[in-house]
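Notes for the one structure printed next.
The values are calculated or read from the model by the stated rules, or taken from the named source; none is laboratory data. Source: prediction; values computed, not measured. Using ideal geometry, Cβ is built from the backbone for each residue, glycine included, and neighbour counts are taken over all protein chains shown. Ligands, DNA and RNA are excluded from the accessible area calculation, which covers all protein heavy atoms including side chains. Shrake-Rupley method; radii C 1.70, N 1.55, O 1.52, S 1.80 Å.
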Amino acid sequence: MARVYPASLIGELLDAHHCNSRRERRFPATAVAYYCMALSLYPEAAYADVFDAVAQGLAWRNRGMVPPRIKASSISVARSRLSWPIFKRLQGVACLPLAGVRTCPQAFYGGLRLMAIDGSNIEVPDEAANVKAFGSPGSRTGVAGYPQAQCAVLVECATHAIIAANMGAYREAEWTVCHPLLASLNQTMLCLADRGFNGYEHWCRATATGAQLLWRCASNRQLPVQRLLSDGSFLSIIRPSTGPRRKDTRAAVTVRVVEYTLPDVEGTQGRYRLLTTLLDEHHAPALELAALYHTRWEVESVVDELKTHLHQRRRVLRSKTPDLVRQEFYGWVLTHYAVRWLMHAAATEHHVPPRTLSFVANRASAAPSPAPVRGFPPPSASAPA
């Protein structure tokens, strides 16, 4: 974690948010920041045991002694001093795309980096403040289960690196939660997305980033054929569905439509319809785009890594207040990136694709013991980093 998120960088962000503790030697704010990330590596361990693991790691790195054991109440107070925007900003600064054109060519199509965007729900502790901030799913008999928050991630498909993440309330529109992630797109990227992101306004805001798009849309959407292309795809237009610009021809945006069918698990033919900004069928043939779109499922694997493998099937985050829930969420995402950074470094060194490596195995190597024991000596210099 210290290699991916240097202490000096964390210190700068703490200073910028007026959260740095310069007088507290036993419990510096930098160590608390690493602790917030480590929580997801030890989801079932006690707070004090997780901090022990962080303290031992920092003591080895700084060649110092492990500090005395910290009480759980002191840890909670220290966490509350660190505002969650620090962790969100840390991700924006440090979590960059990992793949290189030479070292990981499968991460690109036509020179464009393949990215995917998607959302999911996560359960949070059943506290009144969390219910008020995030909301709960409904049922026929009222409120069902734990309160839930929505999260959205922007992922580099080949490396599963989470480049941006956001959290919102359960009943917020999915696009509302995903929209802030667009700031991380640029003209070097090709963004893949499912059917929830193909509205006219969504499309225009995403293309304004300079990124190319390949998004699925509903198969029954009305898309007039403007020009049929040689590969079977066709050019069409999309325009606002409501408002005064609905009939304004100047508001129309040209898109390319790719239609195809694939058999599902039951053997029936499922129909797919894609919209893309890649209008030239010679540079981006329809058959290639159809195959490329299914790379989007890599983001589903990332959500599974977060919720199942990194969090070890723990259903609920453990923070009791909305601010600490957000802090824990971003620490969770930062830890996932650190594990994926480690995997990409190993894959590059040994000239193998990152997806051939096991996330579960690398996550286990990052946290070999779920509850560190006090009194163990720091790792030797020959121990794996």
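Label positions at Ser301 and Asn220, each projected 7 Å from the Cα along the C-beta direction, are separated by 3.4 nm. Counting heavy atoms of the protein chains alone, Leu342 has an accessible area of about 60 Å² for a 1.4 Å probe.
If you plug the beta carbon distance of Ala361 and Arg227 into 1/(1 + (r/R0)^6) with R0 = 56 Å, you get a FRET efficiency near 0.65. Taking all protein chains together and rolling a 1.4 Å probe, Tyr200 ends up with roughly 40 Å² accessible.
Taking the Cα atoms of the range 162-224, the ratio Rg/Rh between the radius of gyration and the Kirkwood radius comes to 0.97.
Straightening the chain between Asp280 and Ala252 buys 8.2 nm, computed as 0.36 nm per residue apart minus the Cα-Cα spacing.
Placing pseudo-labels 7 Å out from each Cα toward the beta carbon at Leu287 and Tyr272 gives an inter-label distance of 1.5 nm.
Full extension of the chain segment joining Ala173 with Ala129 gains 13.8 nm, where the gain is 0.36 nm per residue of separation less the Cα-Cα distance.
The candidates Thr268, Thr207, Thr30, arranged from most to least accessible area with a 1.4 Å probe in the full protein assembly, appear as Thr268, Thr207, Thr30. Counting only protein heavy atoms and using a 1.4 Å probe, the accessible area of Lys71 comes to about 150 Å².
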